[in-house]
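Worksheet: one structure, shown below.
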Amino acid sequence: MKRRMLLLSGLGAAGALLVGWLPPRSRLGRGELLADAAGDDVALNGWIRITPDGRVQLACPKSEMGQGVHTALAMLVAEELDVALVSVQLIEAGHDTIYGNVAMFVGALPTRPEDNQPGLETTRVRFGRWMLAKLGREFGINATGGSSSIADLWEPLRLAAATARGQLLGAASLHWKLPVADLTITNGVIRHASGLSEHFGELATFAARTPPATATPKPRHDWRLIGKAAPRTDVAAKSDGSARFGLDVRLAGMVYAAVRHAPALGGSPGAVDDRAALQLPGVERVLRLASFAGSTPALAVIGRSTWHAQRGADALQVDWRARPAGPLDSHAILRDLEAAARSGGGFVFHEQGDASAALQGAAKVHEAVYRAPYLAHATMEPINCTAQVRDGRVELWLPTQVPRMARALAAQVAGVNEDAVTVHVTLLGGGFGRRLDVDFVGQAVRVAMATGGRPVQLVWSREEDIGHDFYRPAGVAVLRAALASDGTPLALSIRSAGDAPAPRWLERTLAPQNAALATALVAGGDLDLPAPLQSVLRATAGALLTPDKSASEGLFDQPYAVPHQHVEHVATHSGVPVGFWRSVGHSHNAFFKESFIDELAHAAGADPLAYRLGLLAHLPRHAAVLRLAAEKAGWGQPLAAGRARGVALHESFDGIVAEVVEVSLQGKTVRVHRVVCAVDCGTVVNPGIVAQQMESGVIFGLTAALYGRIDIENGIVKQRNFPDYALLTLAQSPAIETHIVASERHPGGVGEVAVPPIAPAVANALFALTGQRLRDLPLMP
């Protein structure tokens, strides 16, 4: 942490730049960005377009994967333009840098909870955020991830809509020769008390020629839509089957492809006997596939349907070559991770006081070792991409979280300029970070190059998906605490080890497919800054991205007040392909940290809730969330025989969540009956969506806590499909309650924040029930 922040502390000459984030006006864009519309639609800026009948079209750069973001973003625009939510139609944003995700860049800054308290931000933290916001705007990486969509577009979309509103009112004012102050807008119709009225479509052309005046989004007290539980706009289409996911794409003359990778991770195909496959009805061709964006070499079979292609793939006789560096074994990797964590020598993310001396001189030291396995994403919609290569152009239809990265890779594989690639982002049947990778895009484009211009839909089977994922890294943490006579922690040492996902993702996804962007990030580029600040900006980016903060997040930024702290992480490179998994490092680090703090409470003979609150006096937001969850769950009140409660608190993605669970044991099976969530995620756009995301995170995290594990033996992933990679069923799902803390802060994250606390809350409840402390995931009493 100190090394990273050094760059941000000695910049006296740049002090004038410490003004927070650049104004979002720089992300409004020009009307030309949306001016290629068919018909008479009129673009007012790079985000807002008006149709002749008065509907509002919003250029949306975020992928909808079930999280409800398309509804929430439409609400921001409907609020500012005073139109009904159903009048806002989302259209796909282009690839201009104004659509890049700035909030994800800012989220890479390694800050601690006290840095986010009102009025307590240090100069170096403010400058670090300014720098990363500048990076995000310059590079314009369009991505949906990091629970950042609302945080990223909260200001730009409201300002874009407010600016459009001002232009439309100005057009009416000039047209009618009446003061703007005398005009009102109701459901997209501008009116005057005299009876004059015109809808947006009638004024749009004139408004586009009207210079935009300074616009200000509505004050909070004038909101009529933001903060209300409006129905989601995608419910009808997803209920009647008209919603289009990647697998729903059907094009004239389309063929299908199935993929086969080597059974063992890191393997590749040698000699291939495809005679049996080609003799099957409906099978057309067998292709070799190179490595694309982190995938291993594979085979593809083209057929008249997915079924034909998969049957052909099953009939292939292949001499599979082993991984050159030898087979992988997850059990051996976990042993090596524990040895690495015990030996230390990793990157120190946080140092406070002298933890080593405090531990050596302590009368009582408590130590525990925690472990977490590899996990697959297992999205409900299998990995797929539809591609067509024809007449020097590439067209893609796919569920992706990173359309710009998909476009760059497609251009590279097809040997065309990026301008010759068109990407259509469909709905995603789950993302969870897996669709931040684009390996399958390269495969689909390569197959499409061999189909004579016909479109091809490439689909992975569930076995290929689970057996060749970019997995959530396995992790081990050795935690030690020095305790005072009353059980108060005097020192805390956390040494963790595991693969870091961000460098692996950058290696396979960003640098190879976007050389210009990578060059700008690493070696310089044409940034809109004076030369000295360009140098500082690039150096800051390098310091923040290496090593990977996500490997230690949830540990180095743990909230509890301990005088002496030492938190370090040993970044390993096991050879297992790893990537971003919902809540990333928080997913297992919260289990390590919140289980250990429960152990300290037990060692002190204290109530787990009271013990935590005693260590949170300096963080009132965290304490308020914890108290709310405990109150709503009835903490301290008696439970039915055979049940117990557990609690956990965790902050991630600028959202603070506390969860209290009630569990029982039915034989050897853990049954979670009730989960009470309290969340402070800043300003809430749609409380209904927040509640849905809390429920989604609990179910997702509970599945991993009770069942999730990927075992690799002799290089082969043992889990193949849902019978041995189980999901929580409807009958096993608990009752889930969500309670939202009212806030006027900038919106924080929601999509991932409920995942981290659930595993430790269940583990802590099981300890209260059985006296057995479970330190390994999944939880198996």
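The values are calculated or read from the model by the stated rules, or taken from the named source; none is laboratory data. Fair warning: this is a prediction, and the values are worked out from it, not measured in the lab. Every residue, glycine as well, gets a Cβ built from its backbone with ideal geometry; the counts of neighbours run over all protein chains shown. Side chains included, ligands, DNA and RNA excluded: accessible areas come from the protein's heavy atoms. Shrake-Rupley method; radii C 1.70, N 1.55, O 1.52, S 1.80 Å.
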Scanning segment 65-83 residue by residue, those more than 18 Å from SER148 (Cβ to Cβ) and either in contact with a Gly (Cβ under 9 Å, 6 or more places away or on another chain) or open to solvent by 40 Å² or more (accessible area, probe 1.4 Å) (or both) turn out to be LEU81, ASP82, VAL83
Just the residues that are in contact (Cβ under 8 Å) with a residue 12 or more places away in the chain, closer than 27 Å to SER268 by Cβ and open to solvent by 20 Å² or more (accessible area, probe 1.4 Å), please, taken from segment 695-721.
ARG709, ASP711, GLU713, ASN714, ILE716, ARG720, ASN721
Could you list all residues from segment 693-717 that are among the charged types (D, E, K, R) and farther than 16 Å from HIS673 by Cα?
ARG709, ASP711, GLU713
For residues that are open to solvent by less than 10 Å² (accessible area, probe 1.4 Å) and assigned to a loop (DSSP other than H, G, I, E, B), scanning just segment 382-420, find the one that is farthest from GLU338 (Cα to Cα).
PRO399
Matching residues, segment 272-290, being out of contact with any Ser or Thr (no Cβ under 8 Å at 6 or more places or on another chain), in a loop (DSSP other than H, G, I, E, B) and open to solvent by less than 70 Å² (accessible area, probe 1.4 Å)
ASP274, LEU280, ALA290
Could you look through segment 96-139, keep only residues that are in a loop (DSSP other than H, G, I, E, B) and under 20 Å from the mean Cα position of the chain (by Cα), and pick out the one that is nearest to ARG27 (Cα to Cα)?
GLY100
Please verify whether segment 473-490 includes one or more residues that are open to solvent by 10 Å² or more (accessible area, probe 1.4 Å) and assigned to a helix (DSSP H, G or I).
no
Determine whether segment 355-378 contains at least one residue that is among the aliphatic types (A, V, I, L, M), crowded, with 19+ Cβ neighbours inside 10 Å and at positive phi.
yes
From the set of residues in segment 722-781 that are under 25 Å from VAL690 (Cα atoms) and charged (D, E, K, R), which is surrounded by the fewest Cβ atoms within 10 Å (Cβ to Cβ)?
GLU744
Quickly run through segment 108-124 and pick out the residues that are in contact with a Lys or Arg (Cβ under 9 Å, 6 or more places away or on another chain), of a type outside the set (Ser, Thr, Tyr) and either surrounded by fewer than 18 Cβ atoms within 10 Å (Cβ to Cβ) or modelled with pLDDT of 80 or more (or both).
ALA108, LEU109, PRO110, PRO113, GLN117, PRO118, GLU121
Scan segment 164-176 and tell me whether some residue there is touching a residue at least 60 places away in the same chain (Cβ under 8 Å) and open to solvent by 10 Å² or more (accessible area, probe 1.4 Å).
yes
Return yes or no: is GLU138 in contact with a Lys or Arg (Cβ under 9 Å, 6 or more places away or on another chain), of a type in the set (D, E, K, R) and open to solvent by 10 Å² or more (accessible area, probe 1.4 Å)?
no
Quick check: is even one residue across segment 78-90 small (Gly, Ala, Ser) and touching a Phe, Trp or Tyr at 6+ places or on another chain (Cβ under 8 Å)?
no
Filter segment 224-257 down to residues that are in contact with an Asp or Glu (Cβ under 6 Å, 6 or more places away or on another chain) and assigned to a loop (DSSP other than H, G, I, E, B) and give me whichever is most open to solvent (accessible area, probe 1.4 Å).
LEU225
Test result for ALA450, surrounded by fewer than 23 Cβ atoms within 10 Å (Cβ to Cβ), at pLDDT 95 or above and under 21 Å from ILE141 (Cβ atoms)
no
Number of the condition not met by LYS62 [criteria: (1) part of a helix (DSSP H, G or I); (2) touching a helix residue (DSSP H, G or I) at 6+ places or on another chain (Cβ under 7 Å); (3) surrounded by 24 or more Cβ atoms within 10 Å (Cβ to Cβ)]:
(1)
Return the total of residues in segment 306-331 being open to solvent by less than 30 Å² (accessible area, probe 1.4 Å) and under 35 Å from the mean Cα position of the chain (by Cα).
5
